[in-house]
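Step one of this worksheet: look at the structure below.
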Amino acid sequence: MKAKLTKRVVEAMKPAERDAIVWDTELKGFGVKVTPQGRKAYFVYYRTKAGLQRRPAIGEHGRHGLTCERAREIAGRWIASVKGGGDPSAERKADTARTRASRAPENSVGAWLDDFDKKHIATRRPRSQEEMRRHAACVRAAWGARPIAEITKRDVIGFIDGCGMTINANRRLALVKTFLRWCSKRDAIPYSPAMDVDKPVAEVTRDRVLTPDEIRAVWTACEALPEPFTVFGPMVRFLLLSGQRKTPVRFLRWADVDEAEKVWHIPGEYQKSGRSHEVPLSDAALAIVRDQRRKLDEAQAKSEAETDRPLVFATAAGAAFNVYSAAKLKLDAVILAERREAAKGAGEDPDKVKALAPWRLHDLRRTCAAGMASLGISRTVIGKVLDHAEAGVTAIYDRHGYGAEKCKALEDWAKRIEAILATAPGKIVELKRAI
């Protein structure tokens, strides 16, 4: 039977004892089948270039909003594809197979995160590994069971929005972008849906430098920290004296310190640059290391069991120190208490004494750099002390190690701190940010 298929014609069709087919008179190959149960399904009939007969279904009339006009539109596209040498039926089966494959457990976000951890995260520095795994755990909690191919840009935006307007959200987005870009390079997805997602928070470059009075307050308070934060005090002082980042100081090993040469050899795995780095130790910095050795020897003398403690700034259990937030809060509390006690001793109202302006451990590194600059030390030498990457042709050809210059710079800075500690509050010129 043939007729111009319209909504009225299709809905007027009645079921018979057998399947009944009505062919459209306007689009060759387009038709509708009516089953004895009254189901009305649109289809297309065609022959492939190889002569194979196909009759793929388009869908059931009225189901999911499928109308006669919509079915005709789909049929027209399929027939045009056939004329161009295509095979819509085979292509649809391939798409279905790919969809099923994408939903297999091995193609879930969780499975790809496992692979990402082994092949990418595990190659990073220890501190970076910790941060990346922390954010990856949140990604797993949100998307772990979902197929990687189904993650959309809207999913990424919703996930990051749920982190709030914080710097942490920026870091989490960075992990998501790295992960999805890594997956696209391995053909798990055609492209990264996070590619054009902007950071939720604008980041501002910090310029906090501690004043001499603040340096004195921090240094003095480091001596009064109770357990389990006692090792944090020497760490803070060492950070200020050396100008190095928190991670290499945290993982400073006895084996990396050459006491005879007064040099600390930092392995590249703990450096942001990925390069090994040599830091001359001032007498004050070396004294801190030796004092840690004395404390370790005393602890081992009291203990019957000999403990292997490779780290200079190890906890009582011998592990790397990792409770920075709690320790920093305690240090700030001790600083405030000591400043109020000093005010009380001077006959001033202790309640009027306020806490130091907000500061971070990384500000000690900037304070060290600014302090060296205020002593007339060149930016080149300061950059060498800090292990900053250099750009340009000169950096390629300049292979001088600057060992003697770095040694003098850090020794002069240590003497400056000694002078600050020996001078009454408010008597030293403020340190200016120089780099």
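Numerical summary
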| item | result |
| --- | --- |
| Count of residues meeting criterion [in contact with a Phe, Trp or Tyr (Cβ under 6 Å, 6 or more places away or on another chain) and open to solvent by less than 40 Å² (accessible area, probe 1.4 Å)] in the stretch 321-336 | 2 |
| Matching residues, the stretch 337-363, being in contact with a helix residue (DSSP H, G or I) (Cβ under 9 Å, 6 or more places away or on another chain), outside any loop (DSSP other than H, G, I, E, B) and surrounded by 13 or more Cβ atoms within 10 Å (Cβ to Cβ) | A337, E338, R339, R340, A342, A343, K344, P350, H362 |
| The listed residue being over 30 Å from R245 (Cβ atoms), surrounded by 13 or more Cβ atoms within 10 Å (Cβ to Cβ), modelled with pLDDT of 90 or more and out of contact with any strand residue (DSSP E or B) (no Cβ under 9 Å at 6 or more places or on another chain), out of W112, W143 | W112 |
| Filter result for the condition that a residue is touching a residue at least 24 places away in the same chain (Cβ under 8 Å) and not hydrophobic (A, V, I, L, M, F, W, C), over R63, R77, R54 | R54 |
| Flag for R366 being within 19 Å of R245 (Cα to Cα), part of a helix (DSSP H, G or I), at pLDDT 90 or above and not aliphatic (A, V, I, L, M) | yes |
| Some residue of the stretch 90-106 being modelled with pLDDT of 90 or more and either over 27 Å from F321 (Cα atoms) or small (G, A, S) (or both) | no |
| Tabulated pairs, the stretch 127-144, first within 13 Å of D117 (Cβ to Cβ), second among the basic types (K, R) and in a helix (DSSP H, G or I), C-beta under 6 angstrom, 6+ apart or interchain | H135/R172 |
| Residue within the stretch 139-150 that is in a helix (DSSP H, G or I) and among the acidic types (D, E) present | yes |
| Output for the stretch 1-29, where each listed residue is closer than 20 Å to A80 by Cα and touching a Gly at 6+ places or on another chain (Cβ under 8 Å) | L5, W23, D24, L27 |
| Among the candidates A305, A285, A301, residue that is modelled with pLDDT of 90 or more and either surrounded by fewer than 17 Cβ atoms within 10 Å (Cβ to Cβ) or assigned to a helix (DSSP H, G or I) (or both) | A285 |
| Filter result (of a type outside the set (D, E, K, R), in contact with a strand residue (DSSP E or B) (Cβ under 6 Å, 6 or more places away or on another chain) and open to solvent by 30 Å² or more (accessible area, probe 1.4 Å)) within the stretch 1-33 | M1, V9, P15, A20, I21, W23, T25 |
| Residue count for the stretch 34-51, restricted to those that are within 17 Å of H61 (Cα to Cα) and open to solvent by less than 50 Å² (accessible area, probe 1.4 Å) | 8 |
| Matching residues, the stretch 176-192, being closer than 17 Å to C138 by Cα, in contact (Cβ under 8 Å) with a residue 24 or more places away in the chain and surrounded by fewer than 20 Cβ atoms within 10 Å (Cβ to Cβ) | T178 |
| Scan of the stretch 1-42 for residues that are more than 25 Å from R77 (Cα to Cα) and of a type in the set (D, E, K, R), ordered by number | K14, E17, R18, D19 |
| Odd one out for V201, checked against (1) of a type in the set (A, V, I, L, M, F, W, C); (2) within 26 Å of the chain's Cα centre (by Cα); (3) over 22 Å from T315 (Cα atoms); (4) at pLDDT 95 or above | (4) |
| Only listed residue being within 24 Å of the chain's Cα centre (by Cα) and of a type in the set (A, V, I, L, M, F, W, C), chosen from W78, W112 | W112 |
| Members of the stretch 28-48 found to be in a loop (DSSP other than H, G, I, E, B) and out of contact with any helix residue (DSSP H, G or I) (no Cβ under 6 Å at 6 or more places or on another chain), listed by number | K28, T35, P36, Q37, G38, R39, Y45, T48 |
| Condition met for R39 (more than 30 Å from A188 (Cα to Cα) and within 53 Å of the chain's Cα centre (by Cα)) | no |
| Exclusive hit being in contact with a His (Cβ under 7 Å, 6 or more places away or on another chain) and touching a residue at least 40 places away in the same chain (Cβ under 8 Å), set E338, E278, E269 | E278 |
| Count - residues of the stretch 193-224 that are part of a loop (DSSP other than H, G, I, E, B) and open to solvent by 10 Å² or more (accessible area, probe 1.4 Å) | 17 |
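The values are calculated or read from the model by the stated rules, or taken from the named source; none is laboratory data. In this text, all values refer to a predicted model and were calculated from it rather than measured experimentally. Every residue, glycine as well, gets a Cβ built from its backbone with ideal geometry; the counts of neighbours run over all protein chains shown. Protein only, heavy atoms only, side chains kept; ligands, DNA and RNA dropped before computing areas. Shrake-Rupley method; radii C 1.70, N 1.55, O 1.52, S 1.80 Å.
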